[in-house]
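What follows is a single structure, written as structure tokens, with notes after it.
The values are calculated or read from the model by the stated rules, or taken from the named source; none is laboratory data. Just so it is clear, the model here is predicted, and its values are computed rather than measured. Every residue, glycine as well, gets a Cβ built from its backbone with ideal geometry; the counts of neighbours run over all protein chains shown. Calculation scope for accessible area: heavy atoms of the full protein, side chains included, ligands and nucleic acids excluded. Shrake-Rupley method; radii C 1.70, N 1.55, O 1.52, S 1.80 Å.
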Amino acid sequence: MSAQQSRLPSLALMSLNIRLSFAFIYELTAAERAPGLAEIARLLTDDSLIHTVAQQLPLDRIVEAHEMVENGTLQGNLVLNIA
């Protein structure tokens, strides 16, 4: 499987009635992007958006962070602490 392809557990998604939606956000204008950002902000505020932080690293370990993301070893998001 190439780096541009992904496998989804379709049977599990269907049995749990999970719906996936994808959008190319980089092709949206600021006006088109605003409602989506507002919805994401609302979901975060309501604790309705569930996300998994797999790893947190300081900014000086950005090379390691980039390698972890590229090789796909994380089960979740990688957060770089910049402060």
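Residues in region 27-83 that are on the phi > 0 side of the Ramachandran plot and either open to solvent by 90 Å² or more (accessible area, probe 1.4 Å) or among the acidic types (Asp, Glu) (or both): 1 in all.
Residue pairs whose Cβ atoms lie under 6 Å apart, sitting 6 or more positions apart in sequence or on different chains, and linking a residue in region 37-52 that is over 18 Å from Leu78 (Cβ atoms) to a partner that is in a loop (DSSP other than H, G, I, E, B) and of a type outside the set (Asp, Glu), are Leu43/Leu49. Among helices (runs of 4 or more DSSP H) entirely within the chain, having at least 1 residues that are among the hydroxyl-bearing types (Ser, Thr, Tyr) singles out 10-15, 30-45. For region 11-25, check the following and say yes or no: at least one residue is under 15 Å from the mean Cα position of the chain (by Cα), open to solvent by 100 Å² or more (accessible area, probe 1.4 Å) and modelled with pLDDT of 85 or more. Within region 11-25 (the criterion being under 15 Å from the mean Cα position of the chain (by Cα), open to solvent by 100 Å² or more (accessible area, probe 1.4 Å) and modelled with pLDDT of 85 or more), the answer is no, since none of the residues qualifies.
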